[in-house]
Amino acid sequence: MAGRSDVRALTVSDENAASTTRIAVAARPTGAFTLANTTHASGAGRNVTVTTAGTGDNAKTVTVVGTDVFGNALTEIITSTSSAETVAGTSIFLSITSATCSAQYAANVSVGSGSLCGQAIFGGRTRLKGFSVTSGGTAGDVEFFDGSPEDGTALFKSRTIGTANTVIDRNIPDEGVLFASGMSVKYTVDVSDMMTFFFA
């Protein structure tokens, strides 16, 4: 049809709070955790956290196995400290298939969803034509990746202003920004309440 555009639009949103027990509730397994959930509350990607209640677990690890935002295999090892605290991983998991500790912890340990968010926008070669970001209550960066946040290339960032419900619209000139290996974004919860991407 004459005049028909090939530009697509995708809106994403993740305002769910972090949860230290989303993936596995507090327990003392000798190996694999019993998973309470295999995805995060929003259904989008998040980093994974390990929370310990004891102080004798320095260098013990939890190996998390799952998929990245594009559904590809992903593994991360999260190492605990000698303090009773939450240690956050840096990889963005869309789903989790297993979480296994290297040794039994001295006290209860749980596996949860962190505050680092990730979304796949498109899985193939595409060009970003523009985007609209609704700011959350915290100023921060939305980072754009050619590929996944784990092994892709960060092409640019856009910063929100920290005033909730303030909308920032950006049009990209010429042919747009090329994402040869797929497009994804990474940001922290409450930095953005909603984003819409226009790509072709």
Whole-number percent relative contact order across the chain, with pairs defined as alpha carbons under 8 Å at least 6 apart: 26
State, in angstrom, two size descriptors of the stretch 57-176 derived from its alpha carbons: Rg to one decimal place and Dmax to the nearest whole number. 17.9, 59
How long are the semi-axes of the ellipsoid equivalent to the stretch 19-117, from square roots of 5 times the Cα gyration tensor eigenvalues, in whole Å, largest first? 21, 12, 12
Test of the criteria: in the stretch 102-200, which GluC sites (Glu not before Pro) are in a DSSP loop and have at most 15 other Cβ atoms within 10 angstrom of their Cβ? GLU175
Pairwise centroid distance, computed over Cα atoms, of the stretch 48-107 with the stretch 148-200, Å: 28
Could you give the C-alpha radius of gyration of the chain expressed as a fraction of 2.2 N^0.38 Å, taking N as the number of residues it contains? 1.13
Rg and Dmax of the stretch 138-200, Cα atoms only, in Å: 12.2, 33
Computed over the stretch 19-117: relative contact order in percent, which uses C-alpha pairs under 8 Å that are six or more apart: 45
When the Karplus curve 6.51 cos²θ - 1.76 cosθ + 1.60 is applied with θ = phi - 60°, which whole-Hz ³J(HN,Hα) does each residue of the stretch 169-178 get, with x for Gly and Pro? 10, 10, 9, 9, x, 6, 8, x, 8, 7
Place a +1 charge on the Cβ of each Lys and Arg in the chain and a -1 charge on the Cβ of each Asp and Glu, then give the dipole magnitude about the Cα centre in debye, rounded to the nearest 20. 220
Output the relative contact order of the stretch 139-198, whole-number percent, from Cα pairs under 8 angstrom with separation of 6+ residues. 47
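Just so you know, all these numbers are worked out from the coordinates, no wet-lab data involved. From a predicted model like this one, the values you see are computed outputs, not experimental measurements. FYI the Cβ positions are ideal-geometry reconstructions off the backbone, even for glycines, and counts take in every protein chain you see.
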